[in-house]
Amino acid sequence: MRSDQNLRAEVEKIAVAHGDNFNKQNAARIAALYAKGGTLVNAAGVQTSVAENFENAFKLGFNHQEVTGAEVTSIASDITLGIGEYANSGQGQSGPLQVRGRWTAVYTHEDGVLKIRLLTAVPIPPLKQP
């Protein structure tokens, strides 16, 4: 079993790669971070084609992502849980785009490499103005 420090480093590496590839608008590289059959659940619902989901986000004008604050816990010998926050931004046809939210990911090892099995990204609703 990997140490907590090693797992944290692996999860942080995936989070950094996710953000870097988002910023490069490389949907295929983001999808490669997911295990075979990996799933993304976001405000639009269950996404079984991770690459297509991000290609659509890029078409809408999203082009920047920051991923922060990963909490990492090993919940079984082959399952790791990560929790953090994200911010996606860009420029859409109607103006600036900004989505902040929280993410939770379940990781598993595939061919000796930690991969995302399930990532849930939930937007934080904007504060209502009085």
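Could you tell me whether the stretch 30-52 includes any residue that is of a type in the set (S, T, Y) and under 13 Å from A105 (Cβ atoms)? The answer is yes, given that some residue of the stretch 30-52 is of a type in the set (S, T, Y) and under 13 Å from A105 (Cβ atoms). Cβ-Cβ contacts under 8 Å between residues 6 or more apart (or on different chains), taken from a first residue in the stretch 13-37 that is in contact (Cβ under 8 Å) with a residue 60 or more places away in the chain to a second residue that is crowded, with 19+ Cβ neighbours inside 10 Å and part of a loop (DSSP other than H, G, I, E, B), are listed as I14/L33. Between A32, A9, A27, the distinction of being small (G, A, S), at pLDDT 95 or above and farther than 27 Å from P125 by Cβ belongs to A32 only. A single entry from L118, L97 fulfils the requirement of being assigned to a strand (DSSP E or B), free of Cβ contacts under 8 Å to residues at least 40 places away in the same chain and either crowded, with 16+ Cβ neighbours inside 10 Å or within 17 Å of the chain's Cα centre (by Cα) (or both): L97. Would you confirm whether any residue within the stretch 45-66 is touching a residue at least 60 places away in the same chain (Cβ under 8 Å) and not in a helix (DSSP H, G or I)? Checked the stretch 45-66: no residue is touching a residue at least 60 places away in the same chain (Cβ under 8 Å) and not in a helix (DSSP H, G or I). Whenever a residue of the stretch 82-94 is more than 15 Å from T120 (Cβ to Cβ), its partners that are among the acidic types (D, E) and surrounded by fewer than 17 Cβ atoms within 10 Å (Cβ to Cβ), lying with C-beta atoms within less than 6 angstrom and at least six residues away or across chains, give the pairs A87/E66.
The values are calculated or read from the model by the stated rules, or taken from the named source; none is laboratory data. Since the model is a prediction, treat every value here as computed from it, not as a measurement. Because the Cβ atoms are built from the backbone with ideal geometry, glycine has one as well, and the counts that use them run over all protein chains shown.
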